[in-house]
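Only one structure is covered here, and it is reproduced in the block below.
The values are calculated or read from the model by the stated rules, or taken from the named source; none is laboratory data. Predicted model, so just to flag it, every value in this text is computed and none were measured. Cβ coordinates were reconstructed from backbone atoms using ideal geometry, including for glycine residues, and neighbour counts include every protein chain displayed.
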Amino acid sequence: MGRRAELATIVQDRCAAGPTVVSGLPGAGKSALLDEVRRTLVDSGAPVLSVSFPAERPEWDLFGFRSVLAAIREQYEQFATDPRLPESLERVSTSCTKEAYADPWSRFCLLHAMSTLFTRLETTAPVTVVLDGIDHLADPVLAVAPMHRAGHRVIASYRTPRSGRADPFRGTQGRTIELGPLSSDEASTLLRRATGMRVTPALEQAVHWALGPLWGHPASMISTVSELRRGEKLEVVDGLAHLRAGEAPIAVPAGHPFSEVIESFGEIGRRVVLLAASTPGLLIEETSYLEVGDQPGRIAGRATDALIQAGLLDCDPDGRIRCRVPGIGAAMEQGGLDVRKLHRTVAEGMLDAGKVTGPYRQPLASHIAAAGSEMPVCGDYVGLLRSSESALAADSVERTAYLHAIWWHTGRTPDRAGRQTELFRHLVRTADYATLEGFTHEALADRPGAGERAELAVAAVLSAVHLGRPVPQQVRDMLVGDEVTLNFADRWFAGRRIVPEDVELSLLPIWRQVSFAACHPGRRGDLPCEEVTEACAVRDLVPVFRAVLGRDYRTPSAGPVAAHHRARIAYAEGDWTGVLDAVYELEAHASVDELVREHTRLLAAEVFGRRNELRRAADWLAKVPENGHLPLLRAWVEIGASAETGNDREAFESGWRALRTHFESDDEVGAARLFLRLARHEKRDPMLDEVVDAAEKWFAGKGSSYTCKMVALIRSQPNGEETKTASTERVLAEIGRLPADRRSKKAGGGEVPGREPLTEIETGILELVRTGRTNRQIARAVRISEKTVEKHLTRLFAKAGCRTRYGLATSNLGRRADAVGA
């Protein structure tokens, strides 16, 4: 897989003065490359002796000659040209004993006998000896000497020496080829081969984020994907692999290049890695609290030094340690280690040591916050936590842990309700509904008062709706008396139509006590009425919530509600890749109701039709029943696909039949598009008049706020007012109903329309975030201050529509438009 340049170099370099050594970390692909070298040479007619040195072998066989003899006997037929070869084989075989290795003279004779054997090992040309795993030998240089001295070419694989150990081949006249990570294109190809299919950009970015510097390391990539497949964490939709909805961060399984170093320090090594991978990280001096005994900190200190030398951990100038491979930290936590307990251990160690003031104040607060409810309640911590929390940006994700810890350590005091409200508002502002769900359960278990319970009912509804999980029965049992609020979730999961008045009735009364930015009953935010109306028609809750709950409600980035909204917005912007990414994500959510599923599937069919992929458009269209919730929208997509084949007559007749069949349907969204598309395709005046008459009749019974303008736009089609760029899409774009045709721009790989393009420095910062760099490391790399990095990250979060570094790293931001499914 890959390594084309290295393969060409090895195969073509036939005049090396010494052995060619392929060096690399375990799993870098050394064996695979040597196997490809062997196949290439054999195909070219060159004689090759292939020898593998297993890790399990007799310790006394210092030169690995038993393996060499076995390989020669196995491949004997291609070398049997010298009649003295059997005699040499027998002589080396009898000399290769434990006793012979123990005696210096006998060892010399063994080497001489092996040199003679290789002198007689000839065909029509010198042999290429391929040695795999020569690092398993005690003396690899002496092992290859007889082969090279006899005039044969030697190609060997050797593990890159660990830090502090000498390279035995340094100083020889050979050539060393170091295998680094695969190139980005090769790594992407390997990911597709490992999954056995094409992958979504989001999955590729998630794996890249988890692996960090191990992205491009073949063994780590393959084992990570294998673990995802084994755990059934991958979903296949339309021939594309992506992560199942709601899955935990990707874990990198053991066997990666850092496993040996971590395991050499046992539990202490794993603790150091897990804390370094957590948000607060770990200061060097704090490692002393990770162990107990007469010499605390000694093992942890050595483990930290070794892991930094190995390249797994990185140390900032201020001494804060970070893990460069987030997936290894995730594997530690999924393996049973509790990171909150470790933060408690460090915090209590600092408290016992009296390190609570001056430079220790902020690190102590970060560990108390990260420990959460694992720390015993102590009101004295509130001031410490508040001091550090107030220095963070208002919508910073890091604030969540501090606000939760402040709530926890406030205890059962009169201030607790206010702390709950503060955390609730923050979680909605950051759209962190997974954390909100967990906090709701935790707070309800603490038997809150009636006012706090009413607030938690709204929290339970918002988290349930956004995560696509109905309110659990045990939560409902603790919310007796809040049935009006819970009724909103019941209506949503029952597939009932949701309008702003439902939000006002069920959620707004309590939400207005949480957020001063909430709208007054009967008023809407700054969203156009038409936008809210259409959102209600297709069950897109984001505009509805924004219109009623006000500016403290932020657009979510994860979950079925977020994916549906993202599909609509991407379609309105002409971002076809964004549409398909969102649709694929929704397909993995089991709780998506039929109307939403039909709507997004029709958007996918329309996108494939626009891209002239008619077979795939037909496949998606077939998933939507003709008599479903959106029959007119389905007809609109169907005639659009027919028109792409140039058969306008058939397209019109198909749409006209569907219109007559479903004329009593409430599918207003589909009607708007269908009438305009019919008017566009029909050129005969009598039928155009019928289309206009039918549109006037249909919309007359609806009374929507945009009815008059819609009818006027339909009437303008036969009057010839739409010339040159006349299209259904452009007409609808005038009233914000559908995107203008931006396919030419998207085909060129430009920025997504409507999104501010990235600056050069933002692009650089984004790439560094995707490789797992910290703010300090980014600042050093880009040569700006950490404060400036934070400002750029804030803008990047806004442009990506996410709230975390993980979300930013796995977003589509900054990538060229990718023909997903092409």
Give me the pairs, please: first residue somewhere in the range 380-400 and free of Cβ contacts under 8 Å to residues at least 60 places away in the same chain and assigned to a helix (DSSP H, G or I), second residue anywhere and surrounded by fewer than 13 Cβ atoms within 10 Å (Cβ to Cβ) and among the polar types (S, T, N, Q), beta-carbon distance under 6 Å, and either six or more positions apart or on two chains. none
Take the conditions over 30 Å from the mean Cα position of the chain (by Cα) and modelled with pLDDT of 85 or more and apply them to Val154. Does it pass? yes
Within the range 411-447, work out how many residues are assigned to a loop (DSSP other than H, G, I, E, B) and either in contact with a helix residue (DSSP H, G or I) (Cβ under 6 Å, 6 or more places away or on another chain) or surrounded by 20 or more Cβ atoms within 10 Å (Cβ to Cβ) (or both). 3
Would a scan of the range 645-660 turn up a residue that is within 28 Å of Gly468 (Cα to Cα) and in contact with a Leu (Cβ under 7 Å, 6 or more places away or on another chain)? no
Would the range 528-537 turn up any residue that is over 16 Å from Glu594 (Cα atoms), without any contact (Cβ under 8 Å) to a residue 40 or more places away in the chain and of a type in the set (Val, Ile, Thr)? yes
Pairs needed: first member in the range 108-121, in contact (Cβ under 8 Å) with a residue 24 or more places away in the chain; second member anywhere, surrounded by fewer than 17 Cβ atoms within 10 Å (Cβ to Cβ) and of a type in the set (Asp, Glu); C-beta distance under 7 Å; at least 6 residues apart or different chains. Arg120/Asp82
Filter the range 96-131 down to residues that are buried (at least 17 other Cβ atoms within 10 Å of the Cβ), under 25 Å from Leu41 (Cα atoms) and of a type in the set (A, V, I, L, M, F, W, C) and give me whichever is farthest from the chain's Cα centre (by Cα). Leu117
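Table: residues versus (1) under 14 Å from Val339 (Cβ atoms); (2) under 17 Å from the mean Cα position of the chain (by Cα); (3) assigned to a loop (DSSP other than H, G, I, E, B).
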| site | (1), (2), (3) |
| --- | --- |
| Ile250 | no, yes, yes |
| His256 | no, no, yes |
| Ile268 | no, no, no |
| Arg271 | yes, no, no |
| Ala276 | yes, no, no |
| Glu285 | no, no, no |
| Ser288 | no, no, no |
Within the range 769-800, considering residues that are crowded, with 19+ Cβ neighbours inside 10 Å and under 15 Å from the mean Cα position of the chain (by Cα), the one farthest from Ile569 (Cα to Cα): Gly772
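Please tell me if Ser93 is part of a helix (DSSP H, G or I), in contact (Cβ under 8 Å) with a residue 24 or more places away in the chain, closer than 18 Å to His148 by Cα and more than 43 Å from the chain's Cα centre (by Cα).
On the way: part of a helix (DSSP H, G or I): yes; in contact (Cβ under 8 Å) with a residue 24 or more places away in the chain: yes; closer than 18 Å to His148 by Cα: no; more than 43 Å from the chain's Cα centre (by Cα): yes.
Spelling it out, it is not the case that Ser93 is part of a helix (DSSP H, G or I), in contact (Cβ under 8 Å) with a residue 24 or more places away in the chain, closer than 18 Å to His148 by Cα and more than 43 Å from the chain's Cα centre (by Cα).
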Criterion first (farther than 30 Å from Glu227 by Cα, without any contact (Cβ under 8 Å) to a residue 40 or more places away in the chain and either crowded, with 17+ Cβ neighbours inside 10 Å or hydrophobic (A, V, I, L, M, F, W, C) (or both)) does Arg361 satisfy it? no
Identify, by number, the condition in (1) among the aliphatic types (A, V, I, L, M); (2) under 26 Å from the mean Cα position of the chain (by Cα); (3) farther than 16 Å from Tyr402 by Cβ that Ala300 doesn't meet. (2)
Which residue out of Glu286, Glu235 is charged (D, E, K, R), surrounded by 15 or more Cβ atoms within 10 Å (Cβ to Cβ) and within 19 Å of Gly349 (Cα to Cα)? Glu286
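Condition check ((1) touching a residue at least 40 places away in the same chain (Cβ under 8 Å); (2) within 29 Å of Ile510 (Cα to Cα)) across all residues:
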position: Leu541; (1), (2): yes, yes
position: Phe545; (1), (2): yes, yes
position: Ala558; (1), (2): yes, yes
position: Ala562; (1), (2): yes, yes
position: Ile569; (1), (2): no, no
position: Gly578; (1), (2): yes, no
position: Glu585; (1), (2): yes, no
